[in-house]
1. Note the per residue figure in Å³ for the convex hull of the C-alpha positions in the chain.
2. Rounded, prolate or oblate: which one fits segment 212-364, using the alpha carbon gyration tensor with axes a ≥ b ≥ c (rounded when a/c is under 1.5, else prolate when a/b beats b/c, else oblate)?
3. Using a 1.4 angstrom probe on heavy atoms only, work out the carbon and sulfur share of the accessible area of the chain in %.
4. Out of Gly117, Ala98, Ala131, whose Cα points farthest toward the positive end of the dipole of segment 72-136 (charges: +1 Lys, Arg; -1 Asp, Glu; placed on Cβ)?
5. Which one of Met157, Asn527, Tyr340 is farthest out on the positive end of the charge dipole of the chain, using unit charges on Cβ (Lys, Arg +1; Asp, Glu -1) and the Cα centre as origin?
6. Asp93 to Ala570: extension gain in nm, 0.36 nm per residue of separation minus the Cα-Cα distance?
7. In whole Hz, what ³J(HN,Hα) sequence does segment 400-405 give by Karplus (6.51, -1.76, 1.60; θ = phi - 60°), x for Gly and Pro?
8. Mind checking the dipole of segment 286-354: about its Cα centre, +1 per Lys or Arg Cβ, -1 per Asp or Glu Cβ, Debye to the nearest 20?
Amino acid sequence: MTSKERAIRKAGSGAALALTIVVCATILLAGPAQCVYRMTQNEYISVKLGAFDDNVYNLVPCRYSFGAVLGDPETPGDDGGDMIYYNSLTPRDSHGYAVIRINDLGKDIIIGDTSQGGWALAPFVVDDGQAVRGDWLMNQSNGSILVKMRIDLRRDMARMEYKLTNTDAVRHEVGLRLSWDEMLLFNDGPDAVAPGYGSIPAETEYTSQAVPTYIDYFDDLNNPTMVARNLFKGQDTTPPDKVVVAQWGPLVSTLWNYTIVPDRPITDRATSAWWNALWLTPNQTRTIVTYFGVGVATSDLRYPFGVSIQGPRALQYDEGAVAGLSPDEFTVNSYLYNFYHDLDLSRVSFYLSLPDGLQFAPGETPTKTLTAVGPESEGKVSWSIKPTGDVAGELVYSITASGAGVTAKTVRRSVVVPLTQSLRYVYGLQMVSIPFNFSDPTPEAAFGTAPGDVQLYHFDPALNTYVEVDTLTPGEGYWLRSNIVPPSGQNWAPVSLSGAVPLAGDSTFQIRLKGGWNMFGNPYVYNITWGRIQVLNERLPIPEVVSLETATQRGWIRPTVFWYDTAARAYGRSSDRTTQLVPGRGYWLKALVPCKLVIPPIDQLGAAIITGSP
């Protein structure tokens, strides 16, 4: 038996229709009917928060669940899809739940366990249907910890806030664990990707600074229709101390601690995040904020208005296309969502700033304007963008939105652009790599230049000297000296490769390292994450392949890569495993023993390599 209260609000100028639905699902038990969960939704997503155990469908207090309404506005196929396991049947026991740890009492308790606490304030919908909240109080024997839960709908994301207050007369050490059992379009084991880490096929743990900014989940990684996201860092989040992606059954079998099985493949995926226990004195409150929702846009959804950007994740390498990239023109959309309940946002302007390598299509201007965006409504502006084809890597662009009487917001998004056969070289020295095979791999033939225009040198650590290069090889790094004078007004000269064929990047690639300092490069035309690379030692009695961290611990290599920044005329360096190895750039790495780098296949979302070869 379900009762619904619908409120439809007309959007402001140029904005989408906003729809809010508030639901109190009730069921007749032996006694009076009671609300077993509270639900609210906007035009993007819905949220449910369990109120009482119904004793029939196993709906449980304090459990949460999420589903798409219209989901991503640019992807019709995700409309109405589940985001948590069978959202239509939830909030159930172990699919979206919170555990509180009272460390000094040695207790780990699922919030909503009626034998350990009860509602101080039963769930109800607030803020004109834009949020659901409830207060749960632990029994005195459990430290009298008051848990104030609030889930706000912020466009296509849900802001999950937990306020933990010690109402006892003595201090307690209190922590929180949140869990999500993701299911997208009936796929209960959706693919997962963490930026800077790549895909997550097996159980994985991230701790401390290594926790990714977010994790995206895909119904189909190769052809995604629906994408969900856990946002752990940025905006007003409280970064967790640990995140685990694992097989659902084992993960939910423990209340607090969980030890991953690193090689166990995930077929039924779930995610947990931990915020370690901290001491709370009497009446002290600890606030924890995280986000879950649709994983397509890049956004800042802090009140009073949200700004979101959507554009392609990556461009395709296409040697037959204009500038060697497909599409040769793409659209960047920016959305502004007004969270005010009764105020318009007027004279809203959007300014798009582009990096080197991207330019506005003819007729486009950096600034767009909306006259007004009504309460709880959304406005949209768009730009047509063209890549130049001669700058590769992760290109970051930004949009700044502002309106009358509100503080401006800037949101940044990136598009990954592969290296094409159009290169730029400054006059003089630069550190490079050339991720192509050639019909004729001599520098003069590959670059199409006169003898002496381009010279390349590779360091040989066995000889402890540089040697001039007469054959270009993918995976090697070089010092390149360009003697080509740049055109007037430019500090670089264009060079077009001849007879070049990129590696497919669909299998591993090995780079031999000698003891000492080695020059190497990414062998592919797309970025590769440093931390995804493994190390092979063939000099052991049984050859072994290990992670970079293990190779460092065993004294095979140093963990830091170096590169030369031509513009700054200085070296850059990084030991961060999320560092992107940019195609076309050369790197230094010190090997302490002869070994090989094992470069994984390309796993960039949206990447493709289209050549003229059959």
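The values are calculated or read from the model by the stated rules, or taken from the named source; none is laboratory data. Keep in mind it's a predicted model, so treat the numbers as computed, not measured. Cβ: placed from backbone, ideal geometry, glycine included. Neighbour counts: every protein chain shown. Please note that ligands, DNA and RNA were not included when accessible areas were found on the heavy atoms of the full protein model with its side chains. Shrake-Rupley method; radii C 1.70, N 1.55, O 1.52, S 1.80 Å.
1. 180
2. Oblate, since a/c reaches 1.5 and b/c is not below a/b.
3. For the chain, the apolar C and S fraction of the accessible surface comes to 49 percent.
4. So the residue we want is Gly117.
5. Of the options given, the answer is Tyr340.
6. Full extension from Asp93 to Ala570 adds 166.1 nm.
7. 10, 10, 8, x, 4, x
8. For this selection, approximately 440 debye.
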